[in-house]
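> Got a structure here, written out as structure tokens. Questions coming.
Please treat every number below as a calculation from the coordinates, not as lab data. This is a predicted model, so every value here is computed, not measured. Ideal geometry is used to build each Cβ from the backbone, glycine not excepted, and the neighbour counts take in all protein chains shown.
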Amino acid sequence: MKPTANVPASIDQVKQKIKADDQKRKQEAEERAKREGERGNRRTPFDLNKLQTHWNEIKEEVKKKVNDKQQQYIMDEGELSLQGEFKIVVKLNNRLLLERFRLLTPMLYQMLSSRLKNDVIEFEATVGEAAKGTLEPYTSHEKYEYLLEKFPLLSELRDKLGLEVD
């Protein structure tokens, strides 16, 4: 037997059906907006340990998604800290990585906000102090000067042994 269509007997029934469907759609839209509004305002607090745990969890996932070696390096070597309640500071050791981090931020935000249940997190990248201006000693003379700053008695030892710096 073929199913038959349920045809309303009068115009009033059609109007009632339309009104009921409109009310149902309106109620569903309100519930959906409420759920999305709650999701957009999550402010669950977290600490550095929890952040570090989730960072380590997403590290491999991010490294698989991006083909950029510098972005992979950021995930491995970036030092995390918290500033205020929800600002995540990633300390990089190279000024050139700042732009790569900026490109990585949307993916990090998406992953971390869902895991931390927090939609108001912010990211900031800084360059570490050692990377900003001081360079590692390279020549023999630079190495000697560096060691002399750390160990002032090195000059006396050099004189007693009659050594010269190349």
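> Can you tell me the order of 80-93, 42-55 when each peptide is scored by its average per-residue count of other Cβ atoms within 10 angstrom, highest first?
Working: 80-93: 15.4, 42-55: 13.4.
So the order, starting with the most tightly packed, is 80-93, 42-55.
> On a 0 to 90° scale, report how tilted helix 140-150 is relative to the longest principal axis of the chain, with both axes built from alpha carbons and the result rounded to the nearest 10.
The angle comes out near 80 degrees.
> Further question on the same structure: For the chain, take the longest principal axis of its alpha carbons; what is the angle in degrees between that and the long axis of helix 48-65, to the nearest 10 within 0 to 90?
The two axes meet at around 80 degrees.
> Can you tell me, using C-alpha contacts under 8 Å and at least 6 residues apart, the relative contact order of the chain as a whole percent? Mind showing how you got there, number by number?
Values: 131 pairs, mean separation 32.8, N = 166.
Answer for the chain is 20 percent.
> So what is the relative contact order of region 95-166, in percent, for Cα pairs below 8 Å that sit 6 or more residues apart?
Values: 24 pairs, mean separation 18.3, N = 72.
This gives 25 percent for region 95-166.
> Considering all projection directions equally, how large on average is the shadow of the alpha-carbon convex hull of region 46-106, in square nanometres? Each step should come with its number before you reach the end.
Numbers: hull surface 16.4 nm².
Averaging across all directions leaves 4.1 nm² for the Cα convex hull.
> Going by how many other Cβ atoms sit within 10 Å of their own, how do ASP119, ASP159 line up, fewest first?
Lowest to highest Cβ neighbour count: ASP159, ASP119.
> Continuing with the same structure: Kindly list the residues of region 65-100 that lie in the label zone of ARG43, defined by a backbone N under 18 Å from the point 7 Å along the Cα-to-C-beta vector.
The answer is 83-88, whose backbone nitrogens lie closer than 18 Å to the label point.
> Would you compute, for the Cα atoms of the chain, the largest minus smallest coordinate along each principal axis and list the three values in descending order, in whole Å?
For the chain, the Cα spread along each principal axis is 115, 36, 24 Å.
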